[in-house]
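Trainee: Okay, here's the structure, questions in a sec.
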Amino acid sequence: MINDSGKVGYIDTSGKLVIPCQFDAPINQITSPCASLFKDGKAWVFRASADSSAMEACGGWAQIDTAGKLLTDYSPDASVGEYWMIPSENVEKYNLFCLADANLATGQKEQFPDVCTAPGIGTFTARFGGTDTGLASIPNGGLYIVKRQTVGTRNLSTYTTTSFETVNPTGSWDAIASYHQVNYKLENTTTGIDNVDIVVIPCVRGEDFDFDGSHHMSPNSYYPLTVERIERTLQPGEVVRGSFRPQWGFESYLLKYVVIKLEPGDMELLQQNCIGVLDRDMTYHPSQRTIAENQLASDFVHKYFADYLK
């Protein structure tokens, strides 16, 4: 790592500073500092000469051990100038990388061999060694300490509706403050981490929603309301309890509930059939769908999830 004064130090895989920031760093032509990785218990450290400029650092290298103790004297190296001009054999000799962007140096696929993905970041490379904590090279973002998370299984946990509840915050029914909710339980009965990604689709009969016939709903057909998507990562044996509000104005127990354990592409398929989570414009709500869209959504749940609607 490098501190605010431009001095280089070293951290362990947990992120703890184990060798203080005390060494110089050669500067490349875009003013990005460079340093050496440890290999076989040794690393190279740099000492700049007095006439080094911001764009061209001259000086020499010495070796240190994992405690930061100098193993050799500093030896001048004429090749340590602008970083882009360092011959590839010397990059390998000093096991160099760029602290601002580890992908700039030659041979960085060997330094960061593990390909990873993370939400909001995408694909990046990292070096974990023998632990779950490692150093990651984030595109356009520099170097970070990261924690590796086991991917685990998908949707092996059970979902159970435990009760329907009317919540009256004021102590008596109030059409504004009171609401209905569905209580549920997730349980991971496996011996590993399980990633839960399910949707619960409340469905209402046409006659219970379209009182005046303005939406042209079939009285005995069911129509999806906006869905509840539940995404959780459960540890082995973990039980999680939660709740959601299926629809303002409808008592929860009067609705039918379709439960889908999502696979890749399933959410997009639901949206193509006008079924989705609540959004700002209530696009997936019966009152905002067109007659054709309501019919499409109804046909979809009756065709594929008829058992839930009995």
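The values are calculated or read from the model by the stated rules, or taken from the named source; none is laboratory data. All values reported here derive from a predicted model rather than from experimental measurement. Cβ placement follows ideal geometry from the backbone for every residue including glycine, while neighbour counts extend to all protein chains displayed. Note: areas computed on protein heavy atoms with side chains; ligands, DNA, RNA excluded. Shrake-Rupley method; radii C 1.70, N 1.55, O 1.52, S 1.80 Å.
Trainee: Fully extended, how many nm does the chain gain between Val259 and Ala177 (0.36 nm per residue separation, minus their Cα-Cα distance)?
Mentor: Values: separation 82, 0.36 × 82 = 29.52 nm, distance 2.80 nm.
Stretched out fully, the Val259 to Ala177 stretch lengthens by 26.7 nm.
Trainee: Once ligands and nucleic acids are excluded and a 1.4 Å probe is used, how much of Glu251 is accessible, expressed in Å² to the nearest 10?
Mentor: In the full protein context, Glu251 sits at about 70 Å².
Trainee: Binning every alpha carbon pair distance of the range 257-310 at 5 Å from zero, what are the percents per bin?
Mentor: 4, 19, 27, 28, 17, 4, 0
Trainee: Further question: Quick one: compute a quarter of the convex hull surface over the Cα atoms of the range 176-310 and quote it in nm². Could the numbers behind the result be given before it?
Mentor: Working: hull surface 36.7 nm².
It is 9.2 nm².
Trainee: Where only protein heavy atoms count, and the probe is 1.4 Å, what is the accessible area per residue for the range 194-310 in Å²?
Mentor: Values: 6310 Å² over 117 residues.
Roughly 54 Å² per residue, with all protein chains present.
Trainee: Something else about it: How high is the FRET efficiency between Gln272 and Thr161 when r is their beta carbon distance and R₀ equals 25 Å, given to the nearest 0.05?
Mentor: On the way: r = 27 Å, r/R0 = 1.07.
Computed FRET efficiency for Gln272 and Thr161: 0.40.
Trainee: Would you mind computing the Rg to Rh ratio of the range 194-254 from its alpha-carbon coordinates, Kirkwood style for Rh? Before the final figure, lay out the partial values.
Mentor: Details: Rg = 15.7 Å, Rh = 13.8 Å.
A ratio of 1.14.
Trainee: Then there is this: If you stretched the chain out fully between His215 and Tyr308, how much longer would it get, using 0.36 nm times the residue separation minus the C-alpha to C-alpha distance? Could the numbers behind the result be given before it?
Mentor: Details: separation 93, 0.36 × 93 = 33.48 nm, distance 2.35 nm.
Full extension from His215 to Tyr308 adds 31.1 nm.
Trainee: Once you put a point 7 Å from the Cα of Ala118 and another 7 Å from the Cα of Val18, both along the Cβ direction, what distance in nm separates them?
Mentor: Label at Ala118, label at Val18, 2.1 nm between them.
Trainee: Under a 1.4 angstrom probe, counting protein chains only, how are Arg47, Arg289, Arg205 ranked by accessible area, largest first? Can you show the working numbers first?
Mentor: Values: Arg47 125, Arg289 15, Arg205 75 Å².
Ranked from most to least accessible, the order is Arg47, Arg205, Arg289.
Trainee: Between Thr189 and Arg148, how many nm apart are label points set 7 Å from Cα along the C-beta direction?
Mentor: 3.2
Trainee: Averaging sequence separations of C-alpha pairs under 8 Å and six or more residues apart, then dividing by the length of the range 210-310, give the relative contact order as a whole percent.
Mentor: Working: 78 pairs, mean separation 42.5, N = 101.
Worked out over the range 210-310, it gives 42 percent.
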